[in-house]
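The values are calculated or read from the model by the stated rules, or taken from the named source; none is laboratory data. From a predicted model like this one, the values you see are computed outputs, not experimental measurements. Neighbour counts run over all protein chains shown; Cβ positions are idealised from the backbone, glycine included. Note: accessible area is taken over every heavy atom of the protein model, side chains too, but ligands, DNA and RNA are not part of it. Shrake-Rupley method; radii C 1.70, N 1.55, O 1.52, S 1.80 Å.
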Amino acid sequence: MTVWNLGSINIDHTYHLPHLPRPGETLSARDYRKGLGGKGANQSLAAARAGASVVHLGAAARSDDWVVGRLTSAGVDTTHIVRHHDQATGHAIILLDDDGENSIVIHGGANRTLQQEQFKSAIARMKGRDFLLMQNETNLQVELAQVAAKRAVRVVYSAAPFDIEALRAVLPHVSIIAVNEGEAAELTAAFGEDLAVEGMLITRGAKGAEYRDLRGGRSFEVPAYPVEVVDTTGAGDCFAGYFIAGLDRGDDIPVALRRAAAAAALKVTRSGAGDAIPKLDEVEQFLASKEQE
Ligand code: ATP
């Protein structure tokens, strides 16, 4: 089956500073790192590295070939990524201080310019048993979710950044909702416990994760693997991408959860977002080493 992803693509510019700048202050950064990020790109990379057949639907500036190249070399089908001459690739300016505090500025850029007709040929190929991933970092969410759901494609929605109005609009077409602990609390505050979706994936950082099968009335939990944490950016996306790739392959939920937890554990031991998402063989090795312990 195909995992389609209406997904944001961001370039993360990360600067380490002695402290976060005050209004009017100019600071020299200690170091600078440029990497691939955006919840959409991260999830495409994770699902592809987990072995799924992934088609990314999104946009980037024509001048940023390396961004699309990185997705392509991970095995993501990038032929439907719209390339712009006049729009910047979405990007995040991430300021980090010595205490681990951060300030982040995001510019949606090309991620917010998507038009349905640009994906006409992709949409025509969507069929039942495929998945469509989306996150709240692009436009076109409701339009594509509606078309996909009509074709029995299961829509997986990451409600991040959390926006109640965006969520309310897309929810009738969503099969699985993916949230972290904070978002889960906001979700419950807004909708109560009875969401009309098939399932809910809740990640809870070092406390692990849970999948609630709301139709079957069952819940599955997986602990987080204890690891030395370097950078948790993109851990949730790594988890979601691996988990959906598992479901797509027909894995039982506990198996898909365990592999996703292992992938996310490896991710947090590395710095960066998309670039730090592990390959399936690394994840299998990690799991094998845990079984021997
Ligand atoms: P992000 O927004 O950075 O992608 P998130 O808030 O969506 O992250 P989390 O719930 O923090 O996602 O983490 C996702 C998963 O990553 C967890 O369920 C867990 O499996 C793994 N993980 C996160 N933090 C740790 C940690 N400190 N140790 C081990 N595993 C972790």
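Annotations for the structure displayed:
- Beta bridges assigned by DSSP with both partners in the range 144-243 are antiparallel in approximately 55 percent of cases.
- For the range 74-144, the list of GluC sites (Glu not before Pro) that fall in a loop by DSSP and count at most 15 other C-beta atoms within 10 angstrom reads Glu101.
- Under Karplus coefficients 6.51, -1.76 and 1.60, residue-wise ³J(HN,Hα) of the range 200-210 in Hz, glycine/proline x: 9, 9, 10, 9, 10, x, 5, 8, x, 8, 9
- For Asp275, net neighbour charge (Lys/Arg +1, Asp/Glu -1) across residues whose Cβ lies under 15 Å away: +3
- Summarising the amide proton neighbourhood of Ala178: residues at separation of 5 or more, or on other chains, whose placed amide H is nearer than 5 Å comprise Tyr157, Ser158, Ala159, Leu201.
- For the chain, calculated [θ]222 nm from helices alone, where every DSSP H run of n ≥ 4 adds -39500 (n - 2.57): -10000 deg cm²/dmol
- Its Cα gyration tensor gives the range 41-156 an equivalent ellipsoid. The semi-axes, each the square root of 5 times an eigenvalue, are 26, 17, 15 Å from largest down.
- The chain, relative contact order in percent, only Cα pairs under 8 angstrom and at least six apart counted: 18
- Length released on extending from Lys150 to His107, taking residue separation times 0.36 nm less the Cα-Cα span: 12.3 nm
- Placing dummy labels 7 Å off each Cα toward the beta-carbon, the span from Arg83 to Val229 is 4.0 nm.
- Computed on the chain, the Cα convex hull volume stands at 138 Å³ per residue.
- Set of aspartates and glutamates near Lys267 by C-alpha distance (under 13 Å), chain-local residues within fewer than 8 positions excluded: Glu228, Asp231, Asp237, Asp275, Glu282
- The range 1-91, relative contact order [Cα under 8 Å, separation at least 6], %: 35
- Computed from backbone phi, the HN-Hα couplings of the range 80-95 come to 9, 6, 6, 10, 10, 8, 10, 10, 6, 4, x, 8, 10, 9, 10, 9 Hz, rounded to whole numbers (Karplus: 6.51 cos²θ - 1.76 cosθ + 1.60, θ = phi - 60°; Gly and Pro given as x).
- Dipole in debye (nearest 20) - the chain, about Cα centre, beta carbon charges: Lys, Arg +1; Asp, Glu -1: 960
- Å² of accessible area per residue within the chain, as computed with a 1.4 Å probe and no ligands counted: 45
- Taking the range 140-242 and dividing mean pair separation by its residue count, relative contact order in percent (alpha carbons under 8 Å, at least six apart): 18
- Phi angles of the range 252-266 translate, via the Karplus equation with coefficients 6.51, -1.76, 1.60 and θ = phi - 60°, into HN-Hα couplings of 5, 4, x, 5, 4, 5, 5, 5, 5, 5, 5, 4, 5, 5, 5 Hz per residue; Gly and Pro are given as x.
- Three semi-axes describe the equivalent ellipsoid of the range 99-244; taken as square roots of 5 times the Cα gyration tensor eigenvalues and ordered largest first, they are 26, 20, 15 Å.
- C-alpha center-to-center spacing [the range 214-292, the range 12-43] in angstrom: 26
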